[in-house]
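Each value in this text was obtained by applying a stated rule to the coordinates, not by laboratory testing. Every value quoted in this text rests on a predicted model; they were computed, and no experiment measured them. As a convention, Cβ positions derive from the backbone with ideal geometry for all residues, glycine included, and neighbour counts pool all protein chains shown.
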Amino acid sequence: MVVQVPSPPSPTAFQIASALAGPLVALIAIGAVHRLTQSRDKEKAVFDLHKAIGEAVGSTRAVIVAAWEDGDVKARVAAIEQTKWRLQQIGGLVERLRRMSRRWKFLLLFLPYRVSRITLTAEMATLRDRITDDPFDEPKRKAVTGKGEIVEQTLGSFLQSLDEKLLDWMD
């Protein structure tokens with residue numbers, strides 16, 4: 001006596017699709033969470049860099065005023081060198097902010113249409129030019145009084161444009 005056991009029916013396309021749906025949805029969810037986490041981390045890093053630029057500009061204020069208004073030649077020359085070094089440091093932070101803040105804006109999920117970034121190159125050039133005005137480097141020049149107000153105005157304008165560009169980038 002021979003008993004034949006029927007072979008199981010081959011799976012249909014619907015059965016295969018329903019079996020793959022769960023893992024596929026899980027992979028899509030993992031990808032979306034990963035992308036959102038990366039975006040949040042990037043925004044936090046850009047905001048921290050924004051804060052560092054603000055602190056660097058704030059700590060530079062007194063040195064710049066001393067470079068213009070100090071009566072002692074040796075102290076003024078030291079303040080001039082310190083000002084140049086700090087402006088170079090701020091310029092480096094601004095460039096780093098420009099590179100870190102680059103991100104794509106998408107029309108749909110997959111169609112990029114524009115790159116957004118925080119660019120403060122022109123503002124940094126204005127800051128440098130207004131602070132290191134014509135006789136700034138001359139060690140034998142006399143102290144120039146009244147530059148404190150111009151320095152305050154220039155630094156305030158730079159910080160305001162920094163805040164505006166950050167808020168525009170966040171939107």
Please state the Cα pair-distance histogram of the stretch 17-57 with 5 angstrom bins from zero: what percent is in each bin?
5, 22, 12, 13, 11, 9, 9, 6, 5, 4, 2, 1
With 22 Å as the cut-off, how large is the P(r) tail for the chain, expressed as percent of Cα-Cα pairs?
61 percent
Lysine pair number, Cα distance threshold 17 Å (strictly under), the stretch 44-170, separation 8 or more or different chains:
7
Just from its helices, what would the mean residue ellipticity at 222 nm be for the chain, if runs of 4 or more DSSP H residues each count -39500 (n - 2.57) and the sum is divided by every residue, rounded to the nearest 500 deg cm²/dmol?
-25500 deg cm²/dmol
Using per-residue counts of other Cβ atoms within 10 Å, averaged over each peptide, order 126-134, 138-146 from highest down.
126-134, 138-146
Ordering of 147-154, 27-34, 7-14, 64-71 by burial proxy (mean other Cβ atoms within 10 Å per residue, highest first)
64-71, 147-154, 27-34, 7-14
Got a sec to turn the phi values of the stretch 4-14 into Karplus ³J(HN,Hα) couplings, 6.51 cos²θ - 1.76 cosθ + 1.60 with θ = phi - 60°, whole Hz, x for Gly and Pro?
9, 9, x, 6, x, x, 6, x, 8, 4, 5
In degrees from 0 to 90, rounded to the nearest 10, what is the angle of the helix 147-170 Cα long axis to the longest principal axis of the chain?
10 degrees
Evaluate the relative contact order of the chain (contact order divided by residue number), counting alpha-carbon pairs under 8 angstrom at least 6 apart; express in whole percent.
23 percent
